[in-house]
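Novice: Below you will find the structure I want to go over with you.
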Amino acid sequence: MTSLTVTPGGALRGTLTVPGDKSITHRALILSALAEGDSLVTRYCRGEDCLNTMRALQAMGIPIQEQPDRLLVSGKGLWGLSEPSQPIDCGNSGTGIRLLAGLLAGQDFFTVLTGDESIRRRPMGRVVKPLRVMGATIAGRKGGELAPLAVTGSRLTGMAYQSPVASAQVKSSLLLAGLFAEGQTSITEPRRSRDHTERLFRFFGIPIREQGRALVLDGRPATGWPGVNELPVAGDFSAAAFFLVGASLVPGSDVTISGVGVNPTRIGLLTILQEMGADIQVLNPREEAGEPIADLRVRAASLRGVTIGEAQIPQTIDEFPVLCVAAAYAKGRTVISGAGELRVKESDRIATMASELRKMGATITETQDGMVIEGAAGRPFTGASCRSHGDHRVAMSMAVAGLVADAPSRIDDTVCIETSFPEFERKLLELTTPL
Ligand code: S3P
């Protein structure tokens, strides 16, 4: 079993880049595969989650040439996918399996989608149920609530769907299904989730429009869309998050992360950290492939507790594990509510972060949909042995906590970091080692 040992002490100093955005990479691969001709996807995320989506598309007959810094995807048009001869393994990726379920529901072939132990525990009904309303034929364990999912491609019809959850995975799954459906598909969510799918639709020239709070798409477009010369993927804000918090906590730190995606539907952590007193500057704002990006400079600062409610959850959803670390070290109490979705991520992140941070001396009370954290006001955590629970963001968050502990900490079962940020340990070491 792999583990990571973090030795506290050194300030984080220097400049770095982070991997390409995981959410955007999944979508870039899928939309390039459906385009007519070649697309070059650069600075993509090489985490296992995205590589699994790439392999899935290759198994469906899409040629993809893989290089460390670029993918050449030879799209075969909207109806160009073919039946894979084996079940598709989505690994640990909720985005991969849910987006592929939507993509495959309207094909004229059969597919089985599965994944690792965590994926086979996570709720699939949130996509299976609305896809069935569109005419999809999907079977799975517990009536389709759990993977493996068996998708028998069917003739779909568009629908107007009011999603009960603010979920980009649900929205994107239905938009992909909507492309293959007869008539119009419209989707409304209770709060706006990340909008990478909508942005990439526009980047490829696929018509999609907003009507009030609904997203509307006409299915089976008469003309396809060509591949794109270059699709540079923005740096992943969710990967940058670990350094934003780490450099905020360790005295003397000064780190610049260049080319990070700052899409407003993703940067809740930035706003919350600034409200907590963090010193973060957003520099050189620019746009690439329809996404806003910038360089982020972060310097150490004393943080104070904060109250976070339902309205701030979607744009912060993946950053709660590392936000818990910031809150546990800050001065005063942090209250998080309306975040029940955290319980159905790669792990139950309310339970896993509470249990792991308690091992390091933090005072945390779980609630059904959040937690109350009594900050240590800068008193070092206790160096400890922690577990990732197979969750990449828990693993990296506990490594950040280890930076401000009174002794080295060991995080066990860190192979999961490969799903999103294979170079995390090296990048962290580079920042903490004086040149
Ligand atoms: C993602 C959406 C989010 C996020 C996940 C990636 C995506 O989930 O937690 O890590 O790429 O669509 P939901 O919006 O479905 O909650």
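The values are calculated or read from the model by the stated rules, or taken from the named source; none is laboratory data. These numbers come from a predicted model, not from an experiment. Reconstructed Cβ throughout: ideal geometry from the backbone, glycine too, with neighbour counts over all protein chains shown. Heads up: the accessible areas ignore ligands, DNA and RNA and are worked out on the full protein's heavy atoms, side chains in. Shrake-Rupley method; radii C 1.70, N 1.55, O 1.52, S 1.80 Å.
Novice: Accessible area per residue, 1.4 Å probe, Å², for the range 1-143: what's the number?
Specialist: Per-residue accessible area for the range 1-143 comes out at 38 Å².
Novice: What percent do you get for the relative contact order of the range 13-133 when only Cα pairs under 8 Å and 6+ apart count?
Specialist: About 23 percent, as a whole number.
Novice: Could you give each residue of the range 45-59 its phi-based ³J(HN,Hα) in whole Hz, using Karplus coefficients 6.51, -1.76, 1.60 with θ = phi - 60°, and x for Gly or Pro?
Specialist: Taking θ as phi minus 60°, the curve returns 7, 8, x, 4, 4, 6, 4, 5, 5, 4, 5, 4, 5, 4, 5 Hz for the range 45-59.
Novice: With labels modelled as points extended 7 Å from the Cα through the Cβ direction, what inter-label distance (nm, one decimal) is found for residue 211 paired with residue 385?
Specialist: Distance between the two pseudo-spin positions: 6.0 nm.
Novice: Could I ask something else about it? As an exercise, identify the GluC sites (Glu not before Pro) in the range 34-126 lying in DSSP coil whose Cβ has no more than 11 other Cβ atoms within 10 Å.
Specialist: Sparse-neighbourhood loop GluC sites (Glu not before Pro): 117.
Novice: Given labels modelled 7 Å from the Cα in the Cβ direction, how far is it in nm from residue 311 to residue 230?
Specialist: Using points 7 Å along Cα→Cβ, the separation is 4.0 nm.
Novice: Shape verdict for the range 22-216, please, from the Cα gyration tensor: rounded (a/c under 1.5), prolate (a/b greater than b/c) or oblate.
Specialist: In terms of gyration-tensor shape, rounded.
Novice: Shifting gears a bit: Quick one: helix 94-105 against the long Cα principal axis of the chain, what's the angle to the nearest 10°, folded into 0 to 90?
Specialist: Approximately 10 degrees, to the nearest 10.
Novice: Considering only C-alpha atoms, what is the centroid distance from the range 127-162 to the range 287-329, in Å?
Specialist: Their Cα centres are 34 Å away from one another.
Novice: Run the numbers for residue 121 and residue 365: contour at 0.36 nm per residue of separation, minus the present Cα-Cα distance, in nm.
Specialist: 85.4 nm
Novice: So what J values fall out for the range 255-260 if you push phi through Karplus, 6.51 cos²θ - 1.76 cosθ + 1.60 with θ = phi - 60°, rounded to Hz, Gly and Pro as x?
Specialist: Result, ordered by residue: 10, 10, 10, 9, x, 8 Hz.
Novice: Once you have the Cα-Cα distance between residue 110 and residue 222, take 0.36 nm times their residue separation minus that, and quote the gain in nm to one decimal.
Specialist: 37.9 nm
Novice: Given labels modelled 7 Å from the Cα in the Cβ direction, how far is it in nm from residue 3 to residue 163?
Specialist: Label-label distance for residue 3 and residue 163, simple model: 4.0 nm.
Novice: What residue among 330, 139, 222 has the largest mean-square fluctuation in a Gaussian network model of the chain, using Cα springs under 10 Å?
Specialist: 222
Novice: Report, as a whole number in µm² per second, the diffusion coefficient that Stokes-Einstein gives for the chain at 37 °C and 0.692 mPa s using the Kirkwood radius over alpha carbon pairs.
Specialist: Value of D from the Cα-based Kirkwood radius: 150 µm²/s.
Novice: With the full set of protein chains in place, find how many percent of the accessible area of the chain is carbon and sulfur; take the probe as 1.4 Å.
Specialist: Answer for the chain is 50 percent, counting heavy atoms of protein chains only.
Novice: Dipole magnitude of the chain about its Cα centre, charges +1 at Lys/Arg Cβ and -1 at Asp/Glu Cβ only, in debye to the nearest 20?
Specialist: My answer is approximately 720 debye.
Novice: Using only Cα atoms and rounding to the nearest 10 degrees, what angle (0 to 90) does helix 168-179 make with the longest principal axis of the chain?
Specialist: 20 degrees
Novice: Need the list of lysines near residue 22 for cross-linking: C-alpha distance under 27 angstrom, and skip anything on the same chain fewer than eight residues off.
Specialist: Excluding near neighbours in sequence, the set is 76, 129, 171, 345, 427.
Novice: With the chain treated as a Gaussian network of Cα nodes joined by springs under 10 Å, which of 109, 421, 242 yields the largest mean-square fluctuation?
Specialist: Judging by the Gaussian network model, the answer is 109.
Novice: Helix 237-249 against the longest principal axis of the chain: what's the angle in degrees, Cα atoms only, rounded to the nearest 10?
Specialist: Compared with the principal axis, the helix lies near 10 degrees.
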